[in-house]
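Here the structure is laid out as structure tokens; the discussion comes afterwards.
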Amino acid sequence: MELAQVRLLVSDFPACYRFYGEVLGLTPQSGFAHGPYEKFSPLGGSAGIALQDRAVMAEVLGELADVPDGHRSLVVLRVDDLDRYCQEIAGRGADLVHGPAPLTDRMRVAHLKDPEGNLVELQEWLLMQG
């Protein structure tokens, strides 16, 4: 088995497209800024994040509510220099809700939300002192 992607169901597709592409700096696969689907990949080529218009999935399932209660997902992105990346994305409109701060002795994190309220965690893995 292989993880293909994490897919977020969103209502404001253009705002989320801008957030993941322009603010976080991920690369869109097709450039369809108005949806109903787009996959974003980091430069390293790992598994991507995909956006899916919530209304399209509601039609498929016939049961999905318009807006979920609370956090339904956590997108985790690893970066090499957390402080530098947080400064860059703040300059592009990101609003950090936490950090950068230590999470453990091996990791520092920062948190922000996309335009739909999905939580994004940025991680910097620290080298172990030998």
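For the range 112-123, which residues satisfy the criterion of being at pLDDT 90 or above and either more than 12 Å from the chain's Cα centre (by Cα) or not aliphatic (A, V, I, L, M) (or both)?
114, 115, 123
If you check every pair at least six apart or on different chains, which have Cβ atoms under 6 Å apart with a residue in the range 81-107 that is over 22 Å from residue 21 (Cβ atoms) first and a residue that is of a type in the set (S, T, N, Q) and assigned to a strand (DSSP E or B) second?
That search, which allows pairs on different chains as well, returns 107/123.
Only one residue in 18, 106, 54 is at pLDDT 90 or above and surrounded by 15 or more Cβ atoms within 10 Å (Cβ to Cβ). Which one? Before you say what the answer is, go through the steps one by one.
On the way: 106 fails: surrounded by 15 or more Cβ atoms within 10 Å (Cβ to Cβ); 54 fails: at pLDDT 90 or above.
None of the others qualify; the one that does is 18.
Can you name the number of the only condition in (1) loosely packed, with under 13 Cβ neighbours inside 10 Å; (2) in contact with a Phe, Trp or Tyr (Cβ under 7 Å, 6 or more places away or on another chain) that residue 114 fails?
(1)
From the set of residues in the range 82-119 that are outside any helix (DSSP H, G or I) and acidic (Asp, Glu), which is farthest from residue 8 (Cα to Cα)?
Applying the first criterion (outside any helix (DSSP H, G or I)) to the range 82-119 yields 92-119.
Then drop every residue that is not acidic (Asp, Glu), which leaves 95, 105, 114, 116.
Details: 95: 19, 105: 30, 114: 11, 116: 9 Å.
Result: 105.
A quick yes/no check of all residues on (1) in contact with a Gly (Cβ under 6 Å, 6 or more places away or on another chain); (2) within 27 Å of residue 51 (Cα to Cα):
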site	(1), (2)
96	no, yes
109	yes, yes
114	no, yes
117	no, yes
127	no, no
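The values are calculated or read from the model by the stated rules, or taken from the named source; none is laboratory data. In this text, all values refer to a predicted model and were calculated from it rather than measured experimentally. Glycine gets a Cβ as well: all are built from the backbone with ideal geometry, and neighbour counts include every protein chain shown.
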